[in-house]
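The values are calculated or read from the model by the stated rules, or taken from the named source; none is laboratory data. All of these numbers come straight from a predicted model, not from anything done at the bench. As a convention, Cβ positions derive from the backbone with ideal geometry for all residues, glycine included, and neighbour counts pool all protein chains shown.
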Amino acid sequence: MATNDRQAREERARLRTYQARQQVHAGKKRRRTRDNVIASIALVIVLALAVGAQLFFFNGGPGSPEPASSATPTPTPEAADVPSPDLAEGRTWSGALTVNDIALGIELDGAAAPQAVSSTISLVQEGFYDGLSCHRLTKDSIWVLQCGDPNGDGSGGPGFSYGPIENAPADGVYPAGTVAMARQPLNADSQGSQFFIVYADTTLPADSAGGYTVIGHVTSGLDELRAGVTDAGPADGAPDGPPSVPVTITSFTVE
């Protein structure tokens with residue numbers, strides 16, 4: 001009888017030990033499943049942020065390091081008329097853009113981007129750009145100096161906006177010296193006065209609205225711009241923000 005009781009107790013002990021091991025195993029399995037789910041979610045978030053950062057780069061209003069508020073305001077009934085695309089005359093325009101007394105030779109392609117070039121020519125001829133700042137500088141894979149906002153923070157424009165996107169590179173590659181128009185994300189009709197100068201080869205992903213209108217390129221002075229402005233990077237060592245060296249457009253002419 002005593003032997004049977006001892007065996008029963010041993011069997012119950014073995015059963016409790018087995019059940020405890022099973023509970024521990026199940027707990028570990030649940031934790032692994034939970035950890036895998038968390039890791040997967042974290043990876044998706046990281047990838048989304050990486051892609052979003054690139055899209056934001058030039059879409060999100062290049063202003064708040066959003067090319068930062070490169071946004072132009074939505075036109076109202078009182079807004080200025082958009083210049084006729086005929087103004088570009090379907091030809092190449094030569095000009096000079098001077099920032100901080102650094103003279104940049106510029107060519108604008110009126111045949112490839114008639115609406116954007118016509119708008120730019122019109123603003124240049126009325127002296128719109130004189131005295132405006134270049135409010136945004138980026139580095140680390142996207143190498144751009146953004147200018148042309150009368151508010152100086154990426155939120156302003158000329159009182160009108162326009163589209164569509166013209167002459168955007170199909171491969172998303174913007175070579176050093178490219179001059180292109182900034183716009184809001186997902187909005188091809190939000191181009192205004194803000195433009196950006198690519199100071200090193202840059203790839204900018206398109207969004208559902210497309211890429212960025214290339215209006216022309218810098219023909220001279222890019223090395224001087226790098227040495228005098230862009231090499232210093234954005235303020236406070238950030239990858240995107242106001243230039244460490246304040247930048248002002250002292251003159252802009254075309255002919």
Checklist entry - What residue, of Tyr162, Tyr174, is closer than 19 Å to Leu225 by Cα and aromatic (Phe, Trp, Tyr)? => result Tyr174
Checklist entry - Does Pro246 fit the bill of being over 19 Å from Ser94 (Cα atoms), of a type outside the set (Lys, Arg), buried (at least 18 other Cβ atoms within 10 Å of the Cβ) and modelled with pLDDT of 95 or more? => result no
Checklist entry - Within segment 95-109, is even one residue closer than 17 Å to Thr219 by Cβ and within 21 Å of the chain's Cα centre (by Cα)? => result no
Next on the checklist: Is it the case, given these coordinates, that Ser141 is in a loop (DSSP other than H, G, I, E, B) and either modelled with pLDDT of 95 or more or surrounded by 19 or more Cβ atoms within 10 Å (Cβ to Cβ) (or both)?
Outcome noted: no
Checklist entry - strands (runs of 3 or more DSSP E) wholly in segment 183-255 with at least 1 residues that are within 19 Å of the chain's Cα centre (by Cα) and among the hydrophobic types (A, V, I, L, M, F, W, C) - which ones? => result 195-198, 214-220
Checklist outcome for this item: Residue pairs within 8 Å by beta carbon, gap of at least six or interchain, first lying in segment 152-172 and on the phi > 0 side of the Ramachandran plot and modelled with pLDDT of 95 or more, second of a type in the set (Val, Ile, Thr) and part of a loop (DSSP other than H, G, I, E, B), listed first then second, are Asn167/Thr213
Next on the checklist: Is it the case, given these coordinates, that Ala209 is surrounded by fewer than 16 Cβ atoms within 10 Å (Cβ to Cβ), out of contact with any strand residue (DSSP E or B) (no Cβ under 7 Å at 6 or more places or on another chain) and of a type in the set (A, V, I, L, M)?
Outcome noted: no
